[in-house]
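All remarks here apply to the structure that follows.
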Amino acid sequence: MTDRDLWLLEMLHEHTTLTSTHLTDLLAVSRRSVNRRLATLTSLGVLHSFRPHHRPGSAPEHYVLGPAGAALLAARYATTPAALGWHPDQAPRTMFSPFLAHDLGVRTFFTQLARPARPGERLTTWWSEKRCGQLWADLTTPDGYGHCAGPGSGVSFFLEYDTGTESLPRLTAKLDGYAELATATRTRPLLLFTLHSSVREANLHDRLTGHPALDQLAVATTGRDQHHPTDRAWLPVASAGTRTRLIDLPTAWPADRRPGATSCDNTAGARPVGRRQIPAPPPLPPGEPAAAVRLPSRA
């Protein structure tokens, strides 16, 4: 088992399933090399794979922890696979989950950020919905949290991934939970909405006009039918700004309304927030900051 193999086990424990396309983007190596290693790990029972029915064309191979991989990860932390949340039926449970399409969309968003458009920019941190729920479930549950580093700058954000199945009033109501999070953490979080169409994005902007939570939040949107998340895709809400790149979003608002760092950026001093006790995050690789998942070196 190589360091990257162990990293893969950690990522599948964090995010449950990743496709061969996701892993090619994350590792920035050839698809052939990725597929060769994945086939070896699958033959050893470290991983299980499945391919959902997809029309038109065919879906990429999807990977979850296999029994050997779950046992290795559990041994690493002196616990059991069950204590890590792994189940022998992990593959069929994942394949038939009613949330699979949404969850894969979230993973695709983050893995697209892992292939930067410019040198020096990189997705360095990616937390799953599960981890976000463990930290902030009594306030709000984002679809993910991320941090992108850039030359001399960086941006932290929460993600809401829209598939078009929720009503616009329900999407708008999510801002209330993030406003509570802003109050609890004494920060001004950046919240990203990625919408399935630009028409829906425009309608959401109309809904958000004058929303009181915008006094405590920085919100930006994009439509996936016309924009890639690393392009000039992001339109700030309640700002006169134009579309900008994610890494430049913090400067899209006036100085007194710019998003501030969330409490999880400083992992050494991070603490759970909220009105009740929140369980500790799952165990992570030695040497990593507490409650962080970081992507591997490209070296």
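Key figures for this structure:
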read-out	value
Check on T79, surrounded by 14 or more Cβ atoms within 10 Å (Cβ to Cβ), in contact (Cβ under 8 Å) with a residue 60 or more places away in the chain and either more than 27 Å from P151 (Cβ to Cβ) or of a type outside the set (D, E, K, R) (or both)	no
Identity of the residue in the range 219-277, at pLDDT below 90 and acidic (D, E), that ends up surrounded by the fewest Cβ atoms within 10 Å (Cβ to Cβ)	D256
Residues satisfying the stated conditions in the range 7-46, i.e. modelled with pLDDT of 90 or more, farther than 18 Å from S128 by Cβ and not hydroxyl-bearing (S, T, Y)	R31, R32, V34, N35, R36, R37, L38, A39, L41, L44, G45, V46
Where T163 falls short, out of the listed (1) over 18 Å from A252 (Cβ atoms); (2) surrounded by 19 or more Cβ atoms within 10 Å (Cβ to Cβ); (3) hydroxyl-bearing (S, T, Y)	(2)
Those residues of the range 65-80 which are farther than 19 Å from R36 by Cβ, in contact with a strand residue (DSSP E or B) (Cβ under 8 Å, 6 or more places away or on another chain) and not in a helix (DSSP H, G or I), in sequence order	L65
Residue in the range 203-243 that is nearest to P169 (Cα to Cα), counting only those that are over 20 Å from the mean Cα position of the chain (by Cα) and among the polar types (S, T, N, Q)	N203
Sole exception among (1) in contact (Cβ under 8 Å) with a residue 60 or more places away in the chain; (2) on the phi < 0 side of the Ramachandran plot; (3) in a loop (DSSP other than H, G, I, E, B); (4) surrounded by fewer than 18 Cβ atoms within 10 Å (Cβ to Cβ) for W86, by number	(4)
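The values are calculated or read from the model by the stated rules, or taken from the named source; none is laboratory data. Source: prediction; values computed, not measured. Counting neighbours? That spans all protein chains shown, and the Cβs are built from the backbone with ideal geometry, glycine included.
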